[in-house]
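First the structure, in the form of structure tokens, and then the observations on it.
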Amino acid sequence: RDDSDKIGEMAYFPSNATFDLMYYPYYGKKAQVNYSQPLVAVKFLNITVNQDINIECKINANNIPSGSERDKFAGRVSFKLRINSDN
């Protein structure tokens with residue numbers, strides 16, 4: 001939240017930023033020979049360069065509690081991103 005002004009516009013892949021339910025449940029390689037793991041990605045279109053920026057990715061799901069006292073990071077990951085530019 002502190003760095004939201006530095007992140008700028010984003011593009012999600014797929015565009016709705018969700019997993020298709022066809023990936024679940026996963027029954028294993030023998031049952032699903034051609035299975036490929038689902039992926040959601042984000043592209044920062046005009047992020048601030050030459051500065052550390054705090055990024056948080058969060059999963060929104062009914063079965064993942066948010067703000068739990070026991071595990072405040074359940075369903076999310078936080079990291080710093082820095083893109084250096086020579087210009």
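Observations, loosely collected:
- Whole-number percent relative contact order across the chain, with pairs defined as alpha carbons under 8 Å at least 6 apart: 31 percent
- Excluding ligands, DNA and RNA, the accessible surface per residue across the chain is 89 Å² with a 1.4 Å probe.
- Peptides ranked, highest mean first, by Cβ atoms within 10 Å: ranges 57-64, 29-36: 57-64, 29-36
- Listed residue (49, 17, 65) projecting farthest to the positive dipole end of the chain, Cβ model: 65
- DSSP bridge orientation in the chain - percent antiparallel, rounded to nearest 5: 100 percent
- Point-charge dipole on Cβ atoms (K/R +1, D/E -1) for the chain, about Cα centre, debye to 20: 400 debye
- Over the range 46-87, volume per residue of the alpha carbon convex hull, in Å³: 73 Å³
- The share of accessible area on the chain that comes from carbon and sulfur is 50 percent, using a 1.4 angstrom probe.
- The count of lysine pairs in the chain with alpha-carbon distances below 15 Å, taking only pairs 8 or more places apart or on different chains, stands at 4.
The values are calculated or read from the model by the stated rules, or taken from the named source; none is laboratory data. As the structure is a computational prediction, the values presented were derived from the model and not from experiment. Don't worry about glycine lacking a Cβ; one is built from the backbone with ideal geometry, like all the others, and counts go over all protein chains shown. In case anyone asks, the SASA skips ligands and DNA or RNA and just uses the protein heavy atoms, side chains included. Shrake-Rupley method; radii C 1.70, N 1.55, O 1.52, S 1.80 Å.
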